[in-house]
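Let me begin by presenting the structure, written as structure tokens, before commenting on it.
The values are calculated or read from the model by the stated rules, or taken from the named source; none is laboratory data. Just so we're clear, the structure is a prediction, and the values are computed from it rather than from any experiment. In this analysis, Cβ positions are derived from the backbone assuming ideal geometry, glycine residues included, and neighbour counts consider all displayed protein chains.
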């Protein structure tokens, strides 16, 4: 059983869905990031940390701005790995999110080794679709890391089956066709899409993009195994506000009531 | 289907590194393009559009006075005479026909110098498609006439003010638009960059340049071919279109010319100063730092000011079939003035890089017969250059 498996199993045992807060490494500055990461760890089942990239294609304005600011602060992969290594031993497993070019710049094997040494559990690399995933998945697997596969509302069912078939760790279902960012409402088809994806999934299915409010999590809790919240937290950091009130409310919203699908 | 058509790989380069949200679109486009390529009705409509709307074939022109001045024989493929003033229209009409065929009513595009934006706006107007063009804020300033032309042609121009405010940022925004609107929108990429099938498809829509030039040259010279073919390379679509006509003729040298900037600041010479990586969906040479962050670029020519390059150019570079050179801003500006005075042709700043290299090539090897792709006209560049004092008309 991997650290990720244990994290999702623990949430299930507590009759909850998993909460996956996302923070951008080095944002708004190194010290504050480390403090916020430690804070998020108190509420998280799995931590997600972005390594800032100059040209992130799948990110909306909030995370783009955070990445640009973090780069101006001198954030690097090496610094990120140092910072996450400061988390206490009992902290939730951590997943890194970054662009493929940042992995290539180190080399696949060297990257996997460095990430494993920093106790990273998995990678999310949004610009590596199934067709291009084999070399990266193989390099990560050698070090016991998973590459988190992604599903989108545009993914046809046959393709969904192929993506789910070899998935490890968890699956990341993008809730809306679009970039990251908070949204007032999710599109009408989202529930059918998640139900369909869940039929094919043999690992936990987590929903991300556009999830910002506890009410959304409460409504969708019967459908998905976990929820990623990013832009809403980064907006709080932007405004210099503490994260714990939102994290606490989100954590409460993950409780499963009634329908346990 | 051959290997390139299925995997999108030119040797090690290419592929499709895009978010999952776009994969269904790319697979749909790949299938639709393969289908259209075999469809005689589509090909006939494309040929007719190229003839009647674009004005093809463009002439092959012997530059007699320039040849005398530079000590060789210089031929120009006159893409500056194509409708909207550059080679970009060849690809824009091809992809717009394809978009209409697959039922996409909205087109998004990026543009650097504005030539691809203008061409796409014109093609969309012609075919009744909605057109949104993303353009870096810096480029909007230095290519003002093209911004007005796009608007007149009915396109919406969205200035992109993030980061470097140039072509790279415009592509980022166009891709994000496509991610947010995958169903009814076609992304009409203007160069041989991006994920498969774009590098292959754009090359095929541009190969009309090289195919025509080869026939035109052979018809004038009893079947002979030029010693060398020269084209500027930003993303590399005019070069790839020209090279496509000659790549299977080993005796014809292929020379790509990258932008070296002003000699002090950053360059846009990806193949000369970069190393392979992934940007905008493809594995190709890339200007980047040790962390894999995309490096700042610089060039007086907005259309060459890009940190990546088409994956097939990376392949031609590594296999030594083509050679890639660097020309600085000042050399390109001189060549622009020189062609204007000797031949009465005002070339685009981008194409002027190809001319400047040709001058150097003939200085080293006098007497060569060189075919230069004059990819666009320079009217768009004048206001910006005059305002900055970079070009003197007296």
message: Looking for something farther than 23 Å from residue A:126 by Cβ, touching a residue at least 40 places away in the same chain (Cβ under 8 Å), within 13 Å of chain A (Cβ to nearest Cβ) and surrounded by 24 or more Cβ atoms within 10 Å (Cβ to Cβ) - is there at least one such residue anywhere in the range B:333-351?
response: no
query: Which of the residues that make up the range A:114-131 are in contact (Cβ under 8 Å) with a residue 24 or more places away in the chain, within 12 Å of chain B (Cβ to nearest Cβ) and over 14 Å from the mean Cα position of the chain (by Cα)?
result: A:127, A:128, A:130
task: Test each condition in (1) more than 14 Å from every other protein chain (Cβ to nearest Cβ); (2) surrounded by fewer than 23 Cβ atoms within 10 Å (Cβ to Cβ); (3) modelled with pLDDT of 95 or more for residue B:355 and report the one that comes out false.
output: (2)
- request: Evaluate the following for residue A:56: is it at the interface with another protein chain (Cβ under 9 Å from one of its Cβ atoms), closer than 23 Å to residue A:171 by Cα, surrounded by 21 or more Cβ atoms within 10 Å (Cβ to Cβ) and touching a residue at least 40 places away in the same chain (Cβ under 8 Å)?
  value: yes
- line: The strands (runs of 3 or more DSSP E) lying entirely within the range B:46-131 that contain at least 3 residues which are at negative phi and assigned by TED's automatic domain parsing to the domain that holds residue B:179 are B:106-111
query: What number of residues within the range A:140-158 are within 22 Å of residue B:176 (Cβ to Cβ) and not in a loop (DSSP other than H, G, I, E, B)?
result: 3
message: Going residue by residue through the range A:211-229, is there one that turns out to be within 14 Å of chain B (Cβ to nearest Cβ), within 25 Å of residue B:174 (Cα to Cα) and either modelled with pLDDT of 95 or more or crowded, with 18+ Cβ neighbours inside 10 Å (or both)?
response: no
- prompt: What residue, among those in the range B:275-288 that are within 8 Å of chain A (Cβ to nearest Cβ) and assigned to a loop (DSSP other than H, G, I, E, B), is surrounded by the fewest Cβ atoms within 10 Å (Cβ to Cβ)?
  reply: B:280
Matching entry among B:190, B:241, B:210 (being free of Cβ contacts under 8 Å to residues at least 40 places away in the same chain and under 16 Å from the mean Cα position of the chain (by Cα)): B:210
field: Scan of the range B:289-311 for residues that are out of contact with any strand residue (DSSP E or B) (no Cβ under 7 Å at 6 or more places or on another chain) and within 11 Å of chain A (Cβ to nearest Cβ), ordered by number
entry: B:289, B:290, B:291, B:293, B:296
statement: Filtering the range B:12-45 down to residues that are part of a helix (DSSP H, G or I), away from chain A (no Cβ under 11 Å), farther than 15 Å from residue B:92 by Cα and without any contact (Cβ under 8 Å) to a residue 24 or more places away in the chain yields B:31, B:35, B:38, B:40, B:41, B:44
message: Here's a check for you: in the range A:86-113, which residue that is closer than 26 Å to residue B:282 by Cβ and over 19 Å from the mean Cα position of the chain (by Cα) is nearest to the other protein chains (Cβ to nearest Cβ)?
response: A:105
